[in-house]
Amino acid sequence: MTADSTVTTATAPGAEYADTASAAYRSILQIIESVEPRIAAATRKELADQRDSLKLIASENYASPAALLTMGSWLSDKYAEGTIGHRFYAGCQNVDTVETVAAEHARELFGAPYAYVQPHSGIDANLVAYWAILATRVEAPGLSEAGVKNVNDLSEAQWEELRGKLGNQRLMGMSLDAGGHLTHGFRPNISGKMFHQRSYGTDPKTELLDYDALAAAAREFKPLILVGGYSAYPRRVNFAKLREIADEVGATLMVDMAHFAGLVAGKVFTGDEDPVPHAHVTTTTTHKSLRGPRGGLVLATAEYSDAVDKGCPMVLGGPLSHVMAAKAVALAEARQPAFQAYAQRVADNAKALADGFLKRGARLVTGGTDNHIVLLDVTSFGVTGRQAESALLDSGVVTNRNSIPADPNGAWYTSGIRLGTPALTTRGFGADDFDRVAELIVDVLSNTTPEGTSKAKYKLADGTAERVHAAAAELLDANPLYPGLSL
Ligand code: PLP
């Protein structure tokens with residue numbers, strides 16, 4: 001642990017009840033072992049592997065033992081299709097409590113008028129949002145035009161006409177090579193099959209979001225939905241500006257804050273950088289920087305809340321009540337002051353990591369970061385993203401390759417490495433540790449050479465993997481994952 005160990009201790013999730021959690025996990029693993037030992041072994045091994053790796057995957061984190069343990073209960077056994085107080089099954093009183101508490105925490109944490117906590121993942125949250133917007137802006141006017149209240153009251157011909165309209169709408173989101181996500185209207189995802197999509201990119205010189213170009217493209221394309229949010233853009237976004245553009249062209253602004261929800265929750269992004277007051281609908285995952293269980297949620301204004309509330313059965317299967325319970329626990333944690341300190345450290349650490357690269361001569365997309373992501377251009381090391389990712393993994397550094405704007409190596413091999421600070425910050429890493437991480441990554445990449453013309457094969461200079469592994473182990477030992485938790 002480096003400077004400021006008070007904050008570090010306060011942010012290590014579950015350190016204060018580590019003994020109780022250890023006893024709980026020992027019992028749980030003993031029970032699993034008696035039924036299927038291979039699963040108990042894989043579960044133990046996963047903790048050991050996570051403890052031993054320098055995890056820089058920007059979309060991953062370590063949820064607290066409280067949130068993790070909450071998922072292992074009989075709440076999983078209950079079917080509860082529908083919504084709070086309005087279920088298609090009897091006996092949902094306790095699920096109602098769980099969903100009510102989770103939604104209340106989400107509303108309070110993000111200052112949103114309405115929260116829907118059922119989505120099983122980020123993709124599901126986006127699907128709920130898209131269909132809620134389509135239901136509000138296309139289906140409802142279609143029904144009223146036909147003079148009916150329910151889709152079942154439409155004639156076959158009227159229904160076909162409405163289906164045609166629902167499937168003929170426009171969506172605009174950030175391009176993949178600028179850092180957008182597949183669920184923002186790209187063909188391999190269902191969203192690309194549902195919508196006519198046009199993407200906005202970044203300025204070719206600065207690699208920053210160009211709001212004027214975005215506005216001009218939106219004026220021309222006139223999307224029904226303007227999507228904000230990203231997976232690999234290392235900068236903050238001005239959501240007030242996006243809302244202005246959306247209003248001007250009559251679009252609904254939907255922001256997917258899956259990646260940076262923790263920075264919103266932790267009040268690092270406020271004002272124009274906080275999407276919730278500006279977007280009509282905001283979606284997120286709960287497991288990335290927000291540090292909860294794997295899942296999603298949707299926040300909405302009153303205008304869209306009724307439609308979002310019909311997410312199940314519109315696009316979702318029965319809610320995962322045990323996961324909603326864990327979301328409630330994680331959201332309660334995120335409302336604590338310690339989470340704000342954590343979120344600030346995530347951003348500060350990303351800056352330290354970026355500075356560590358810049359001072360060693362590496363090039364970063366956009367020249368730096370002001371969120372939790374650093375996007376390293378590996379072309380100056382003479383390797384592809386794929387080669388860099390593999391060489392780093394050999395050395396105990398877990399990252400993922402990522403396209404950079406106008407990527408010369410395409411979406412498979414890529415020319416970038418995406419790095420994120422949420423997970424290692426949870427372990428207690430500070431600015432000095434991240435500077436050392438930058439040094440280790442530069443060491444690996446400087447010692448990696450492509451084999452022939454291959455974009456995948458590479459050679460790592462002798463001794464590099466061992467040297468970096470040993471240095472990483474020192475950092476990891478000084479910042480233990482789940483301190484005090486012993487199986
Ligand atoms: N939206 C964004 C911006 C993401 O980065 C991701 C995941 O990487 C998702 C949605 C999808 O989340 P999930 O994997 O939970 O479906």
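Per-residue answers, yes or no, for (1) surrounded by fewer than 20 Cβ atoms within 10 Å (Cβ to Cβ); (2) within 16 Å of the ligand (Cβ to nearest atom); (3) assigned to a helix (DSSP H, G or I):
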position	(1), (2), (3)
Val95	no, no, yes
Val98	no, no, yes
Val101	yes, no, yes
Ala125	no, yes, yes
Filter region 377-404 down to the residues that are farther than 18 Å from Ala423 by Cα and of a type in the set (A, V, I, L, M) and list them by number. Val378, Val383, Ala388, Ala391, Ile404
Inside region 173-182, can you point out the residues that are outside any helix (DSSP H, G or I) and either under 15 Å from Leu208 (Cβ atoms) or touching a strand residue (DSSP E or B) at 6+ places or on another chain (Cβ under 7 Å) (or both)? Gly173, Met174, Ser175, Gly179, Gly180, His181
Boolean, Ala326 is modelled with pLDDT of 95 or more and surrounded by 19 or more Cβ atoms within 10 Å (Cβ to Cβ): yes
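Given the options Ser27, Ser64, name the one that is over 30 Å from Ala472 (Cβ atoms) and not acidic (Asp, Glu).
The match here is Ser27.
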When you check Val329 against the structure, is it part of a helix (DSSP H, G or I), within 13 Å of the ligand (Cβ to nearest atom) and within 18 Å of Asn61 (Cα to Cα), yes or no? no
Regarding region 248-266, can at least one residue be identified that is part of a helix (DSSP H, G or I), under 18 Å from Ala178 (Cβ atoms) and open to solvent by 10 Å² or more (accessible area, probe 1.4 Å)? no
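The rows are residues; the columns are (1) assigned by the TED database to the domain that holds Gly266; (2) on the phi > 0 side of the Ramachandran plot; (3) surrounded by fewer than 18 Cβ atoms within 10 Å (Cβ to Cβ); (4) at pLDDT 95 or above.
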position: Ala350; (1), (2), (3), (4): no, no, no, yes
position: Asn371; (1), (2), (3), (4): no, no, no, yes
position: Leu376; (1), (2), (3), (4): no, no, no, yes
position: Gly382; (1), (2), (3), (4): no, yes, yes, yes
position: Ala391; (1), (2), (3), (4): no, no, no, yes
position: Ala411; (1), (2), (3), (4): no, no, yes, no
position: Phe429; (1), (2), (3), (4): no, no, no, yes
position: Val437; (1), (2), (3), (4): no, no, no, yes
position: Val444; (1), (2), (3), (4): no, no, no, yes
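Can you tell me which of Ile57, Ile32, Ile84, Ile28 is surrounded by 15 or more Cβ atoms within 10 Å (Cβ to Cβ) and under 25 Å from the mean Cα position of the chain (by Cα)? First the steps, then the outcome.
Values: Ile32 fails: under 25 Å from the mean Cα position of the chain (by Cα); Ile84 fails: under 25 Å from the mean Cα position of the chain (by Cα); Ile28 fails: under 25 Å from the mean Cα position of the chain (by Cα).
None of the other options fit; the residue is Ile57.
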In region 417-433, the residues that are part of a helix (DSSP H, G or I) and hydrophobic (A, V, I, L, M, F, W, C): Ala423, Leu424, Ala431
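The values are calculated or read from the model by the stated rules, or taken from the named source; none is laboratory data. Note that this is a predicted model, so its numbers are computed, not measured. Reconstructed Cβ throughout: ideal geometry from the backbone, glycine too, with neighbour counts over all protein chains shown. Ligands, DNA and RNA are excluded from the accessible area calculation, which covers all protein heavy atoms including side chains. Shrake-Rupley method; radii C 1.70, N 1.55, O 1.52, S 1.80 Å.
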